[in-house]
Ligand code: G4P
């Protein structure tokens, strides 16, 4: 690897997402990571922003999450001379599309599981995405201070769910009321557990494993049981292989109790010592009008990045939006001229921010792996590639074919313009997918989760003063359409004029009423490609 200053900056960056099922302890762990890295001084600030789990309706919950996500969806911290970018993943299952996209912006994931519940439904879905992308996963087994499951049992489940072997890095001694602490298998020392949230990691007592007499005296049967299970685990797990972890073929496992600040430092250190620095990213480059794959290295001098999230301003009076860009290469400095590749237009942000210490701050400089937020009045879409000149387009940001469709009916026809503007912007933000039937008629909204409709209906009214009614319609799916030749495409669109629609990015889609529909159309037009997933390209 190069020894340039750019390469050095890149090497000291870590960009990861925390994934978990609600209540496993993601917020608590996030807060402790920020606290112990020095990014925040007092515990409670992340927690305070977290939506109440007992909101009166699911919908309110989402609105709150939206508010929170502006403030804390990206957090940057400095630890051991490393810049760590932590990306939160929205918790609600109906917003899984958002989460998938966040996962395209990271180089690793930290999976938090509740030691009593193991791998739960929502974690499973997120794991699938990580697996598809070969994202390395660090596992944190939380809540060891509770009456939880046996560690071997948990490892077994994680292994099965992840489809890769676990390599324990720490090992618990006891659990619940008799939780004695964790053994650090690398340093061969035991950190003794004490409950409470005031204690700093360095305040915990440590005992060397070589002092077996003391350990046995202090922890009695718990120690013997832990020593036995530790041996069994060591026999059952492979040797730690860093490369295998980076290739998503092993997961290191840590045990602890987030709320008690216990076992958290080990995770923070693992992010520095084990997690990968920013990785090369795939893009396509247009050469002689033909797209060619090009791998962009993080320490290339030219600036490039991709918009993986667009967040409308929470203030209804301001139409500006923040485009979150994951930098793929180069260095960002204020005032730099950047171009949106899709339109060829210059990006003219009103402000550019980073997320150090959870505050939005004007950015001084940023490098590959960093997330920067560009506030704009428009002109930027989800999936857009931003560069300082080069014509390339990052690939891999997924849009999933919706499974739920509704027709939009405007209550006051005089508000048509506002409705169109609102739908265009919400579509660009990825809040919902908007389809314009080519044969004319009412716009269609497509969603992956039911709640997306409610949020969009509310936001259209609140932010665009467009009051809509949503009506069910016959469609149950969509497939994005491509063909090898324009003539083939034309033959297809001529055959199904009523079924063709354009989405927010003007990509052509075929609307279907049942899975048989697609099969029949495919049989009739074998040379047409039907895509259930659209990658921005
Ligand atoms: P989430 O973001 O994954 O949804 O989880 P969050 O951190 O909010 O944690 C969910 C609940 O689990 C919280 O309790 C939190 O205090 C608790 N918790 C987190 N880590 C641990 C742990 O290591 N041990 C134990 N015993 N509990 C833990 P709550 O009662 O819902 O909220 P609060 O009133 O305690 O804040």
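Structural remarks
- Order of 534, 524, 101, 146 under a 10 Å beta carbon neighbour criterion, fewest first: 524, 146, 534, 101
- Take every DSSP beta bridge whose two residues both sit in the chain; close to 80 percent of them are antiparallel.
- Shape category assigned to the chain from the gyration tensor of Cα positions, a/c cut at 1.5: prolate
- The stretch 145-233, relative contact order in percent, only Cα pairs under 8 angstrom and at least six apart counted: 24
- Given R0 = 51 Å, the distance between the Cβ atoms of residue 8 and residue 476 translates into a calculated FRET efficiency of 0.45.
- If you sort the three axes of the alpha carbon gyration tensor as a ≥ b ≥ c, you get a/c of 1.5 or more for the stretch 409-537 and a/b above b/c, which makes it prolate.
- Considering only the stretch 79-209, percent of DSSP beta bridges that pair antiparallel, nearest 5: 70
- If R0 is taken as 41 Å, the Cβ-Cβ distance between residue 365 and residue 241 corresponds to a FRET efficiency of 0.70.
- Spacing of the two label points (7 Å from each Cα toward its C-beta) at residue 198 and residue 488, in nm: 7.1
- Prolate/oblate/rounded label for the stretch 215-330 (Cα gyration tensor, a/c 1.5): oblate
- DSSP finds beta bridges in the stretch 238-337, and of those with both partners inside it, around 100 percent are antiparallel.
- Among 266-275, 423-432, the order from most to least packed when residues are scored by Cβ within 10 Å on average: 423-432, 266-275
- Only helices enter this figure: runs of n ≥ 4 DSSP H residues, each worth -39500 (n - 2.57), summed and divided by the residues of the chain, yield -9000 deg cm²/dmol at 222 nm to the nearest 500.
- Sites residue 439 and residue 187 - FRET efficiency at Förster radius 60 Å, r taken between beta-carbons, to 0.05: 0.30
Quick note: the coordinates plus some simple rules give every number you see, no bench work behind them. In this text the structure is predicted, and so the values were computed from the model without any measurement. Methodologically, a virtual Cβ is constructed for each residue, glycine included, from the backbone with ideal geometry; neighbour enumeration extends over all protein chains shown.
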